[in-house]
Amino acid sequence: MILDHQLDLDAFLAVVRGGEPVSLADAARERVARARAVVERIVDGDEAVYGVNTGFGKFASVRVGRESLAQLQHNLIVSHAIGVGEALPAEVVRGMLLLRAQSLALGHSGVRSEVVELLLALLNARAHPVIPAQGSVGASGDLAPLAHLALALIGLGEMEYGGAVRPAANVLADLSLSPLVLEAKEGLALINGTQLMGSLLALALADAWTLLGTANLAAAMTVEALSGSHRPFSAGVVALRPHPGAVAVAAEVRTFLHGSEIAPAHANCGKVQDAYSLRAVPQVHGASHDALVQAGRVLGVEFASVTDNPLIFPDGAAGDGGEVISGGNFHGQPLALTADALKVAVAELGSISERRTEQLLNPALSGLPAFLAPQGGLNSGLMIAQYTAAALVSENKVLAHPASVDSIPTSANQEDHVSMGAHGARQLRQIVENVASVLAVELLAAAQALDFGGLRAGAGVQAAWERLRQEVAPMQRDRYYRPDLLRVRELIVSGELLRAAREA
């Protein structure tokens, strides 16, 4: 991929998860050079400009002499790299490297092209700075996490490379790369940004789309296993309340159910209507669908944004000559609100899934053996699998509390409103992981329930059931179920089960 103006989610994933190499476009290199020239003119002049020849935060009014500008940037990085907690996963760090390079390459940050090139070199070499997960309040950018990223560029801290964590200086040497000696403005440009929030949000959104499709599939399988009605998914029903997500979800469920032998066999069973967790799937899943679409819009803007401060305008903000403006583009509020909305949207997919699992396991509701257990009493079946789902759904309710409603002033009240977006984005990642397990419980139960019938399910459901049964055998008696659950979860996370259903 050639890094220039545009970056979308598919391109992001191709690099971050797929390992596609990235190079800097010539046009981007020219933009970067023009902005850098503005910074160098400031260094040669007498004007005090924040972040170039002044201190930071509360120290914005303290002028720093030219002879100390390199030390100023070095000090900024080492003092701000004070995060705590577990190291971020490699894919999150890769996303941060890519998004930081993308923002700098837009040409309004004032760094040298060497800074962008080194970020891309680490990304392409799969050399990942070790970045603690905690320490960002999401306002002046993800300061502490990005400082740990920048620390590796100057040969300090640690990097994960080749499966081992080693001193960054040693990794750079192995790659024949020289540590950066930061010049005016460059340290600040590296750490003023929303790249931790952005990386977490982008990865979670990609996974959430897979979970949404899988939730639609799980719902369809449960409908078939319970001989539920297909009519709530008809185009005519959702056309009377045509939210785009509801229309899309209903259409996909209809596809999964197409060709079912089960529905015609129960056409005159006398049952009036199904529980909400079955017949309201288009409305519930559809609302989550629409939240995911909106998150994609926000990320599209963010991927094309400069989140640095101050901003360099080589032609001036009004086209009247070089200009430097301090603004608030680093503030994480757009991503913080989006992460909080996605937390709720994804958590709801798990909440309604757990209720469908109850429908499958409760004999008073399903008409099937209690907990789908052969010889119930001697065997417990999937009784405790539902407990696990319930525990995760309850945990999600805590995690889904909006992080963005909190704010704690920092930097002696200079930074007096913060977004807490990194908190929300990390909570979102955990919710996504939890919901994958909740859906695995439902699919495990729905597949077992289908085993009690002798008719073919709809084409998509049947294909998914057959793929699942290649990995997990039907229950004949109680066994150690955790490996079964984990294998179904792997089929969900990889998208393999959903692909089988959609290709049927």
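The values are calculated or read from the model by the stated rules, or taken from the named source; none is laboratory data. Small disclaimer: the values here were computed from a predicted structure and weren't measured. Every residue, glycine among them, receives a Cβ derived from its backbone with ideal geometry; neighbour counts consider all protein chains shown. To get the accessible areas, we keep the full protein, side chains included, count just its heavy atoms, and leave off ligands, DNA and RNA. Shrake-Rupley method; radii C 1.70, N 1.55, O 1.52, S 1.80 Å.
Inspect the range 263-275 for any residue being more than 30 Å from Gly421 (Cβ to Cβ) and buried (at least 22 other Cβ atoms within 10 Å of the Cβ) and give the result as yes or no. First the steps, then the outcome.
Taking the range 263-275 as the starting set, the residues that turn out to be more than 30 Å from Gly421 (Cβ to Cβ) are 263-275.
Now narrow it down to the ones that are buried (at least 22 other Cβ atoms within 10 Å of the Cβ): none.
Taking every residue of the range 263-275 in turn, none turns out to be more than 30 Å from Gly421 (Cβ to Cβ) and buried (at least 22 other Cβ atoms within 10 Å of the Cβ).
Only one of (1) open to solvent by less than 50 Å² (accessible area, probe 1.4 Å); (2) in a helix (DSSP H, G or I); (3) closer than 28 Å to Leu491 by Cβ; (4) in contact with a Leu (Cβ under 6 Å, 6 or more places away or on another chain) fails for Gly381. Which number is that?
Of everything listed in (1) open to solvent by less than 50 Å² (accessible area, probe 1.4 Å); (2) in a helix (DSSP H, G or I); (3) closer than 28 Å to Leu491 by Cβ; (4) in contact with a Leu (Cβ under 6 Å, 6 or more places away or on another chain), Gly381 misses just condition (2).
Is it fair to say Val249 is hydrophobic (A, V, I, L, M, F, W, C), out of contact with any Phe, Trp or Tyr (no Cβ under 8 Å at 6 or more places or on another chain) and open to solvent by 60 Å² or more (accessible area, probe 1.4 Å)? Show your work before the answer.
Working: hydrophobic (A, V, I, L, M, F, W, C): yes; out of contact with any Phe, Trp or Tyr (no Cβ under 8 Å at 6 or more places or on another chain): yes; open to solvent by 60 Å² or more (accessible area, probe 1.4 Å): no.
Taking the combined requirement at face value, the residue does not satisfy it.
Taking Gly18 as the residue in question, decide whether it is at pLDDT 95 or above, at positive phi and open to solvent by 20 Å² or more (accessible area, probe 1.4 Å).
On the way: at pLDDT 95 or above: yes; at positive phi: no; open to solvent by 20 Å² or more (accessible area, probe 1.4 Å): yes.
For Gly18, the condition - at pLDDT 95 or above, at positive phi and open to solvent by 20 Å² or more (accessible area, probe 1.4 Å) - is not met.
I'd like the full set of residues that are of a type in the set (Lys, Arg) and assigned to a helix (DSSP H, G or I), limited to the range 436-468.
From the range 436-468, those of a type in the set (Lys, Arg) are 456, 467; that's our starting set.
Arg467 - this is the single residue of the range 436-468 that is of a type in the set (Lys, Arg) and assigned to a helix (DSSP H, G or I).
Quick one: which helices (runs of 4 or more DSSP H) lie wholly within the range 1-111 and hold at least 1 residues that are more than 25 Å from Ile131 (Cβ to Cβ) and aliphatic (A, V, I, L, M)?
Numbers: elements: 9-16, 26-44, 69-80, 90-105.
It comes to 26-44, 69-80.
Give me the pairs: first residue in the range 238-256 and in contact (Cβ under 8 Å) with a residue 12 or more places away in the chain, second residue part of a helix (DSSP H, G or I) and open to solvent by 90 Å² or more (accessible area, probe 1.4 Å), beta-carbon distance under 9 Å, and six or more apart or on different chains, which are they?
Going by the 9 Å Cβ cut-off, the qualifying pairs are Glu252/Arg502; Thr255/Arg502; Phe256/Arg502.
Somewhere in the range 345-367, is a residue without any contact (Cβ under 8 Å) to a residue 60 or more places away in the chain, under 27 Å from Ala133 (Cβ atoms) and either touching a strand residue (DSSP E or B) at 6+ places or on another chain (Cβ under 9 Å) or surrounded by 17 or more Cβ atoms within 10 Å (Cβ to Cβ) (or both)?
yes
Within the range 418-435, is there a residue that is acidic (Asp, Glu) and open to solvent by less than 70 Å² (accessible area, probe 1.4 Å)?
The first filter runs over the range 418-435 and keeps only residues acidic (Asp, Glu), leaving 433.
Checking the rest, the ones that are also open to solvent by less than 70 Å² (accessible area, probe 1.4 Å) come to none.
For the range 418-435, residues acidic (Asp, Glu) and open to solvent by less than 70 Å² (accessible area, probe 1.4 Å): absent.
Please go through the range 384-417 and give me each residue that is loosely packed, with under 15 Cβ neighbours inside 10 Å and closer than 30 Å to Gly327 by Cα, ordered by number.
His401, Val405, Asp406, Ile408, Pro409, Ala412, Asn413, Gln414, Asp416, His417
Could you list, ordered by first residue, the pairs with Cβ atoms under 6 Å in which the first is in the range 386-397 and assigned to a helix (DSSP H, G or I) and the second is small (Gly, Ala, Ser) and modelled with pLDDT of 95 or more, at least 6 apart or interchain?
Close Cβ pairs satisfying both conditions: Leu392/Ser437; Val393/Gly350; Val393/Ser351; Asn396/Ala347; Asn396/Gly350.
Could you list all residues from the range 277-312 that are in a helix (DSSP H, G or I), open to solvent by less than 20 Å² (accessible area, probe 1.4 Å) and more than 23 Å from Ala11 (Cβ to Cβ)? Before the answer, list the steps.
Residues of the range 277-312 that are in a helix (DSSP H, G or I), as a first pass: 277-279, 281-303.
Filter once more, so that each one left must be open to solvent by less than 20 Å² (accessible area, probe 1.4 Å): 277-278, 281-282, 285-286, 288, 292, 295, 299, 303.
Across the range 277-312, the qualifying residues are Ser277, Leu278, Val281, Pro282, His285, Gly286, Ser288.
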